[in-house]
Amino acid sequence: MKAKVLVDNITKNQWKAEWGLSIYIEYNGHRILLDTGTTEAFAENADQMGVRLEDVEFGVLSHAHYDHSDGLGEFFKRNSTAKFYLQKSAEENCYSRKNFLFKKYIGIRRGYLETYKDRIVYADGDMEVIPGVTLLAHRTPGLSGVGKKAGMYVRKNGRWRPDDFSHEQSLVLDTKEGLVIFNSCSHGGADVIIREAEAAFPGKQIYGLIGGFHLFRSEDQEVRELADRIRKTGIRRICTGHCTGERAMEILKEELGDMAEQIYTGFEIEV
């Protein structure tokens with residue numbers, strides 16, 4: 001398995017950066033795209049990196065937020081055949097609460113799900129897309145509490161409710177080193193994501209977790225406690241960025257040492 005970050009919040013080279021994430025993956029001869037960032041930057045970077053988006057066989061949307069889905073239109077313009085896999089509960093209804101009266105829309109660009117309905121496949125829970133590549137839905141109860149604490153809501157049938165991240169999914173790849181998990185924001189908690197994969201694949205070793213950890217607003221002690229829980233899972237490698245945040249990344253490095261790596265536009269990993 002090889003993966004290359006097409007866009008992230010930071011870059012260490014000439015490629016563009018933005019608040020968003022997109023990762024290109026090669027696995028056993030298959031080409032997969034995870035998310036499309038906020039703009040067409042992921043596609044422009046792909047051109048410069050020599051990644052042919054027209055050769056992508058299928059895409060996966062990690063969750064229904066704009067910074068992972070707004071580039072879908074650009075992808076579908078460049079690739080005329082690939083399907084994109086979303087969780088069944090993914091809708092255009094995600095908001096961030098700034099105060100008690102104001103909620104900002106942070107969901108999939110309105111109209112996209114209808115415009116591209118012929119290119120979208122909805123997974124109802126877990127789904128093996130191809131041998132060794134599985135979409136893993138949340139199976140942990142009580143995640144609406146995490147959504148409420150983070151100020152994230154969905155509007156359903158005219159009512160507001162804390163986001164339980166049922167629209168979020170992990171992309172899990174089975175490799176010779178163990179399972180590699182991609183979860184772009186890990187809203188439910190990075191340790192929760194790892195434990196969900198353990199439960200879904202009993203007896204399988206978890207090698208690594210790649211993606212954002214949504215810690216950019218977290219207190220230092222919260223990050224240290226998370227690092228301890230991650231360590232106790234026995235995972236061997238985490239590669240994180242995007243919504244993790246600079247200060248949280250510093251703490252993860254302090255607590256986890258070399259097993260924690262910063263991702264950035266152009267970052268590559270091979271397992």
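Miscellaneous remarks
- Residue within segment 3-26 that is of a type in the set (Gly, Ala, Ser) and within 23 Å of Tyr207 (Cβ to Cβ) present: yes
- Residues of segment 139-174 classified as out of contact with any Gly (no Cβ under 8 Å at 6 or more places or on another chain) and surrounded by fewer than 17 Cβ atoms within 10 Å (Cβ to Cβ), total: 14
- Taking the criterion of being touching a helix residue (DSSP H, G or I) at 6+ places or on another chain (Cβ under 9 Å) and within 15 Å of Asp67 (Cα to Cα), the residues of segment 87-138 that qualify are Ala90, Glu91, Glu92, Cys94, Ser96, Tyr105, Ile106, Gly107, Ile108, Arg109, Tyr112.
- The residues of segment 212-231 that are in contact (Cβ under 8 Å) with a residue 12 or more places away in the chain and either within 19 Å of Asp126 (Cα to Cα) or among the charged types (D, E, K, R) (or both), listed by number, are Arg217, Asp220, Arg224, Asp228, Arg229, Arg231.
- Enumerated helices (runs of 4 or more DSSP H) restricted to segment 104-217, each holding at least 2 residues that are of a type in the set (Val, Ile, Thr): 190-200
- Condition met for Arg217 (among the charged types (D, E, K, R), modelled with pLDDT under 95 and over 15 Å from the mean Cα position of the chain (by Cα)): yes
Results for (1) of a type outside the set (S, T, N, Q); (2) part of a helix (DSSP H, G or I); (3) crowded, with 23+ Cβ neighbours inside 10 Å, shown as yes or no for each residue.
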{"residue": "Glu26", "(1), (2), (3)": "yes, no, no"}
{"residue": "Arg31", "(1), (2), (3)": "yes, no, no"}
{"residue": "Thr39", "(1), (2), (3)": "no, no, no"}
{"residue": "Phe42", "(1), (2), (3)": "yes, yes, yes"}
{"residue": "His63", "(1), (2), (3)": "yes, no, yes"}
{"residue": "Thr81", "(1), (2), (3)": "no, no, no"}
{"residue": "Tyr95", "(1), (2), (3)": "yes, no, no"}
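The values are calculated or read from the model by the stated rules, or taken from the named source; none is laboratory data. Here the structure is a predicted model, which means the values were calculated and not measured. Cβ sites come from the backbone with ideal geometry, for glycine too, and all protein chains shown count toward neighbours.
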